[in-house]
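A.B. asks: Starting off with a structure, shown below.
The values are calculated or read from the model by the stated rules, or taken from the named source; none is laboratory data. This one's a predicted model, so the numbers in the text were calculated from it and none came from an experiment. Note that each Cβ is placed from the backbone with ideal geometry, even for glycine, and that neighbours are counted across all protein chains shown. Heads up: the accessible areas ignore ligands, DNA and RNA and are worked out on the full protein's heavy atoms, side chains in. Shrake-Rupley method; radii C 1.70, N 1.55, O 1.52, S 1.80 Å.
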Amino acid sequence: PTGTKPPTGTKPPTGTKPPGPSPKPATKPPVVAPAKCDFTNVVITELASPEESLAKYIELYFLDKNCKGEEITEEIKVISYGPGDCEPSNIDVALKGQTIREDGFFTICNSASAETYYGRGECTMVGGLTSPANLRGTETIAIVDIEEKVIDIFGVPCTDPDPDNKQYFVHGRVVRKPSVWLPSPEYNRKNYRVFPGCGQEVGPEGMDINEWKKVQGPVCAPEHTILITEIVDLDVDSDTEVPRYVELYAPRKRDRGMGFDHDLKLVIFHSDFLEPNWPSAVPIDYMPENGFLVVCNEAASGEYGSKCAIVSDKIAGPANSNGNDQIALISGDEKGWFVVDIYGVIGEDGYDTDHEFLNSRVIRKLHVTETVATWSKDDWQVCKSDIPDPNKWDSDECGGAEDAPSLAPTDSPTPESQKDCQFFFSELSDVRGIPFIEIKSTCPGVTITRDLIVVSWKEHGLSCDVSLKGMVVPDDGFIIICANKYQHNQEFGGNFDYVAGKWRDLSVCDIEDYLLLAGNGFNSYAIKDSDAGCDKSDCVGSNCHSGCGDKYLDIYGYPGSSLAYTDHVYDECRAVRKMNYPYGQSPFIPDMWEVICLSFSFNTQPGEECDPRVWKEVPLVLFFTEFCDPEDDKSKRMIELYSPNKRDYKIEHDLIVMKYEGTSPYPSYAFQSLKGQVVDGKGYVVMCMNWYSYGRDTCTLITGYNGITSFSGTEHFALAGCEFPSNDCECIDMYGSPGLDARGKPQDFSDGKAFRLRTVPAPRKIFDIGHWVVVDEITADQCGAGKSPPPVSPPVGPPIYGKGKGKGKGKYWRE
């Protein structure tokens, strides 16, 4: 009948609609705007300047994955500085309107004919024979933005075309190390492999256009001549430990009293082994003024005392051979090495051979003054039961050795008595307009009889110098050069230090020279030995006169050039030598130094204040500043730490971030070591889950999805000084209270973030929630990785609280 319902369980007739509300029309998915490319995130990866004139190119790589295949819409260009030019050429290559390759590379060739060498389609654009791409191998190349600010650079402007200037690549190439991802507006030569280096030219067949991979640098012999002159293994049957040592000698005067910028090591090849014993290798990076460096075992150190320059405690080391091994100076490491000088035959056990020295003393013959990579018995004398003479090489006859004289300065010092007197910069300061240079000497109280001068190189090719000859080194071993003695005394007057039972006035300026320090902060400085000419050397052999020239005992910067356009400028800052390098070094090694600037914070940070006549370690200050757990994208969880007193600083000590979960009072297995990581140029260390979270320019390291950044927001975190997690670690900074359940407590930052108040810029071993702000319901774009947190707004009217979500949050004032 009409109006009746179908029986229960039956379907409605075909074509009829079931009862209920009408369905809503389908909604269209939201249109997602394409990600925007960061065109300024670009680096120079290769410069090719082969002898073939039409095969040159500049290779760039855009790091932002959103740039692949995109048209460049920003005003960026490639510029060049000619050799010796301090201003860029007016001819550049504009990149706007060009299209980046799908693999992220952008290669500018000097000629369309370059593709006949490298293949069709490899050149992204042709710059022409008058463009920066027509590389000569002597210029500085940079990428700049619309405001002419440098994005990335290879080379130092104003640099002359000298094959020894470390950026010379005529008939060669420059390759950026793949480990150096970030663009840098300041040049660091250690970030690149530069050919030809030591004559190893590279043609088109040696280039790898539109590829960026690790390459072996030029394999060059050391620039310095270092010889093995004596090996001692006497009294092998003694009941006590055997005093053993290896003596090294630099025959050229210009190679003494300075550090080496070369990967030189003293090694041992045990028995018939074909590879060195790497764990016991002894780095050789410095040669004392007297020309000798003696590497002793511990027993020899007790026997010969100060005559040992290096004491090796490795039982299997080169200073502890029992006579059947091969002792060698090599250059390189496990990945690649070659022999510089050697005693013995690699692969041949020394027993019952011509090179066995069991219970013997080995002496190099005096006429062999050049390094020898293949051993010959005619070059050596093996003496049984002889008398050692460390730090002497004046006889190659058995029994001809005598006790070496003391090298301590006498009452009437001479240049020869000062051979072991070292002079090096320990601080260069340009803070508050009171510049000074601090030089450390290892011979306090002596009159300087050597012709030593301090020279400064300024902008526009200017230079000044001041002589140290004739002055008496103060009793504290420091020489201070200031611009104005009165101002220096006013700034540091009243500062005293109590050392060895005496009070020292730290405000004393020993030499006043305004012109030397004019432009300080941008000047390069060196301590030069003008007595180092080859005609005054006692060197013997044909290699004595090679490479004669100025000898620098120590240097900060570059000879003949200012620090402008480099990352070593210390304008309104201080450059402090690290305590690990108490000796002069030439050429300049930036890793030996750190630049510390004033933070102008209420609390002065360690190392900010200048300390003339004091040389001490500047401790790293590091603490947590933010934890972020965005509710919309958990892959963008991150932990941020900040250092107020270090920039571009490599962490060299054992330092880890530990995590405590739940109510456990013990740290979990998940931790992150910071040793070897670098505090960035803004002072941050940012730990991300992956590189794509915030980009390589923000993330210092990635922890992965099971690492320290895999958290829920209810954990406790500690920054500690140790190698592995333990409650015995030295706690430096703490977020949370291990052993307590943090869920629902004020520290809980689930789906939100916690950031440290800027009014508490220091680590705290005991957690105080009053030093932090916790914010609910944060999205990934609100995480402040690598950025200063916003100031907390003061209360206006009645307080407005966050939702809280039942966790006790929202207690902090919000707008």
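A.B. asks: Scan segment 390-440 residue by residue and report those that are among the acidic types (Asp, Glu) and either at pLDDT 90 or above or not in a loop (DSSP other than H, G, I, E, B) (or both).
C.D. replies: Within segment 390-440, 416, 427, 430, 438 qualify.
A.B. asks: Let me ask another. Does residue 643 count as of a type in the set (Gly, Ala, Ser) and within 26 Å of the chain's Cα centre (by Cα)?
C.D. replies: Taking the combined requirement at face value, the residue satisfies it.
A.B. asks: Any idea which of (1) surrounded by 23 or more Cβ atoms within 10 Å (Cβ to Cβ); (2) in contact with a Leu (Cβ under 7 Å, 6 or more places away or on another chain) is the one residue 323 doesn't satisfy?
C.D. replies: (1)
A.B. asks: Of the conditions (1) open to solvent by 60 Å² or more (accessible area, probe 1.4 Å); (2) hydrophobic (A, V, I, L, M, F, W, C); (3) touching a residue at least 60 places away in the same chain (Cβ under 8 Å), residue 55 clears all except one; give me its number.
C.D. replies: Evaluating residue 55 over (1) open to solvent by 60 Å² or more (accessible area, probe 1.4 Å); (2) hydrophobic (A, V, I, L, M, F, W, C); (3) touching a residue at least 60 places away in the same chain (Cβ under 8 Å) leaves (1) as the failure.
A.B. asks: Next up: What are the pairs, 6+ residues apart or on separate chains, where a residue within segment 661-672 that is more than 17 Å from residue 739 (Cβ to Cβ) and modelled with pLDDT under 90 has its Cβ under 6 Å from a residue that is of a type in the set (Val, Ile, Thr) and assigned to a loop (DSSP other than H, G, I, E, B)?
C.D. replies: Taking only residues 6 or more apart or on different chains, the pairs are 670/708.
A.B. asks: Which of the residues belonging to segment 375-389 are assigned to a loop (DSSP other than H, G, I, E, B), open to solvent by 40 Å² or more (accessible area, probe 1.4 Å) and modelled with pLDDT under 90?
C.D. replies: 385, 387
A.B. asks: Let me ask you something else. With the requirement that a residue be closer than 23 Å to residue 224 by Cα, in contact with a Leu (Cβ under 9 Å, 6 or more places away or on another chain) and open to solvent by 20 Å² or more (accessible area, probe 1.4 Å), what does segment 350-374 give you?
C.D. replies: 370, 371, 372
A.B. asks: Among the residues of segment 281-320 satisfying the criterion of being free of Cβ contacts under 8 Å to residues at least 40 places away in the same chain and of a type in the set (S, T, N, Q), which is surrounded by the fewest Cβ atoms within 10 Å (Cβ to Cβ)?
C.D. replies: By that ranking, first place goes to 306.
A.B. asks: Can you say whether residue 664 is closer than 24 Å to residue 751 by Cα and in contact with a Lys or Arg (Cβ under 7 Å, 6 or more places away or on another chain), as far as the supplied structure shows?
C.D. replies: Against the criterion (closer than 24 Å to residue 751 by Cα and in contact with a Lys or Arg (Cβ under 7 Å, 6 or more places away or on another chain)), residue 664 does not qualify.
A.B. asks: Of the conditions (1) open to solvent by 30 Å² or more (accessible area, probe 1.4 Å); (2) at pLDDT below 85; (3) in a loop (DSSP other than H, G, I, E, B); (4) touching an Asp or Glu at 6+ places or on another chain (Cβ under 9 Å), residue 179 satisfies every one except a single condition; which number is it?
C.D. replies: Residue 179 satisfies every listed condition except (4).
A.B. asks: Could you tell me which of the residues 347, 336 is modelled with pLDDT of 90 or more, out of contact with any strand residue (DSSP E or B) (no Cβ under 7 Å at 6 or more places or on another chain) and small (Gly, Ala, Ser)?
C.D. replies: Only one candidate passes the filter, namely 347.
A.B. asks: State which residue pairs qualify: first residue within 23 Å of residue 653 (Cα to Cα) and open to solvent by 20 Å² or more (accessible area, probe 1.4 Å) and inside segment 610-637, second residue modelled with pLDDT under 90 and of a type outside the set (Phe, Trp, Tyr) in any location, beta carbons under 6 Å apart, and separation of 6 or more residues or different chains.
C.D. replies: What qualifies is 617/579; 619/606; 620/646.
A.B. asks: May I pose another question? Is it the case that segment 106-127 has a residue that's open to solvent by less than 20 Å² (accessible area, probe 1.4 Å) and part of a helix (DSSP H, G or I)?
C.D. replies: yes
A.B. asks: Can you pull out every residue in segment 130-152 that is free of Cβ contacts under 8 Å to residues at least 60 places away in the same chain and open to solvent by 50 Å² or more (accessible area, probe 1.4 Å)?
C.D. replies: Across segment 130-152, the qualifying residues are 130, 147, 148, 149.
A.B. asks: Still on this structure, I have one more. Kindly indicate which of 581, 552, 570 is part of a loop (DSSP other than H, G, I, E, B) and open to solvent by 10 Å² or more (accessible area, probe 1.4 Å).
C.D. replies: Unique residue meeting the criteria: 581.
A.B. asks: Looking at (1) open to solvent by less than 40 Å² (accessible area, probe 1.4 Å); (2) more than 30 Å from residue 491 (Cβ to Cβ); (3) among the hydroxyl-bearing types (Ser, Thr, Tyr), which is the one condition that is false for residue 692?
C.D. replies: The failed condition is (1).
A.B. asks: Restricting to segment 726-774, name every residue that is among the small types (Gly, Ala, Ser), in contact (Cβ under 8 Å) with a residue 60 or more places away in the chain, within 21 Å of residue 662 (Cβ to Cβ) and assigned to a loop (DSSP other than H, G, I, E, B).
C.D. replies: Answer for segment 726-774, where residues must be among the small types (Gly, Ala, Ser), in contact (Cβ under 8 Å) with a residue 60 or more places away in the chain, within 21 Å of residue 662 (Cβ to Cβ) and assigned to a loop (DSSP other than H, G, I, E, B): 736, 739, 744, 750, 752.
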